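Have a look at the structure below before the remarks.
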Amino acid sequence: MSVILFTIIIVIGAYFAGLLGSLTGLGGGFIIIPLLTLVLHVDIHYAIGGSLVSVIATSSGAAAAYVKEGITNIRIGMFLEIATTAGAFTGAILAVYVPTTYIAVLFGVILIFSAIMSLQKKAEHILREQSPLVKRLKLGGTYPVDGEMVEYGVSNVVGGFFTMLFAGVISGLLGIGSGALKVLAMDSIMRIPFKVSTTTSNFMIGVTAAASAVVYFQRGYIHPAIAMPVVIGVLLGAVSGSKILVQATSSNWLRWTFAVIVTLISIQMIYNGVTGKI
Amino acid sequence: MASRAKFKDTDMQHIIGWILRGGVAVSMTVVVIGGVFFIYRHGESVSDFHVFKGIPDFIGSPKKVLQSTLQLHGLAIIQLGIALLIATPVLRVVFAAIGFILEKDRLYTMISIIVLLVIIVSMITGRIG
């Protein structure tokens, strides 16, 4: 395949990855890695490197918009980033030793989990009470609901912290944002309002990915000929996506389409992993 | 809530939003410029990434990336842009740390510094390993 065709295919695929990634808050890696490995037969290490770069672009591009809206909780993000960056570092080191077959299968499993997570009904719950630890860490905050600032609390900080550690390892190992795990930690375990969870997750994904990207960058996993079209496509997609989310919450058909696509891709990844084609 | 410092969370949100936007804009501009050089010179070449071979030697270290960038090597310019993109969220943590210092929030200044230390350790270990 010629360089120009290779570049164009990646730009288009990455655009959709960025769009879906920012709409669902799950990052763009779940499409980038299968596109590169299954369709373009790129070595999975290059795919992980390219994906990580795309994850940083998606997160930063969309986070810039959300932070200004005042929805992102910077303190929650910062506190949990201790866990995600430490995890991401561990994951990047592990990636060198874990056989690619296992990486492909694990990738498929995490994808299916993300698809299920995205289908769950997201009730916007607001926790009123705050534990002493939450007060000490100043994790509670306010966010705009119909133009009014509403106060919310946070629960199970320890549980959330350890889930974030795990999310970091997965992110570093697979080169994805692992936004589904981050949203799980914040929305389901820490009982943070959904809108705050998704935007804060997006905010954290960039720093988490940067912690493992510095390892990948130096090991030659990030190839500029792959990273260039990935990052351009993803960013354009993320910009489109963030404009849609700020205006309206994601609709039902979008979640279903996303879940179906992701499940099909996961099966492909697991199959190719098991048969040793990756 | 208790402190009435001049520097507030909303100011920090503003600055962080600005850094993320600026960092992405600058790094993407560099990546696109490099991409134009690369495609213009090598558009018709065959691309094959089936087997992992690392990256070409002329972009093998930060110093080589800068040298090759000055020689207008497309791939080197892209790699420089990507390095800037990776630096963007790190810079965001640095500025958050400064913001927390200005807010006189000791706890979160410490937390920001811990996050930075983890990234620095990752950076150093990555080079050795």
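Every number here is computed from the coordinates shown, using simple stated rules; none is lab data. Bear in mind the structure is a predicted one, so any value in this text is a computation, not a measurement. Here the Cβ positions follow ideal geometry from the backbone for every residue, glycine too, while neighbour counts run over all protein chains shown.
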Acute angle (nearest 10 degrees) that the helix A:157-174 long axis makes with the longest principal axis of chain A, alpha-carbon atoms: 10 degrees
Computed label-point distance, nm, for sites residue B:121 and residue A:145 using a 7 Å Cα→Cβ extension: 3.9 nm
Interatomic Cα distance distribution for the protein assembly as shown, bins of 20 angstrom, percent: 30, 59, 11, 0
Region A:129-162: GluC sites (Glu not before Pro) in DSSP coil with no more than 14 other Cβ atoms inside 10 Å: A:129
In degrees, nearest ten, helix A:252-274 long axis to first principal axis of chain A (Cα): 40 degrees
Calculated FRET efficiency for the pair residue A:98/residue A:274, C-beta based, R₀ 22 Å, to 0.05: 0.90
Acute angle (nearest 10 degrees) that the helix A:3-24 long axis makes with the longest principal axis of chain A, alpha-carbon atoms: 20 degrees
Linear extension gain, residue B:104 paired with residue B:26, 0.36 nm per residue minus alpha-carbon span: 25.0 nm
Cα-centre dipole for region A:14-145 with unit charges at Cβ (Lys and Arg positive, Asp and Glu negative), debye to 20: 520 debye
Structure-based [θ]222 nm, chain A - -39500 (n - 2.57) summed over DSSP H runs of at least 4, per residue, nearest 500: -24000 deg cm²/dmol
Region A:70-123 - Kirkwood radius from inverse mean 1/r over Cα pairs (Å): 13.8 Å
Modelled FRET efficiency - R0 35 Å, residue A:254 with residue A:8, Cβ distances, 0.05 increments: 0.85
Extreme residue, positive dipole direction of region B:45-129, given options B:66, B:116, B:83 (C-beta unit charges): B:116
Shape category assigned to region A:1-100 from the gyration tensor of Cα positions, a/c cut at 1.5: oblate
Label-to-label distance, nm, for residues given as residue B:50 and residue A:131 (7 Å Cα→Cβ offset): 5.4 nm
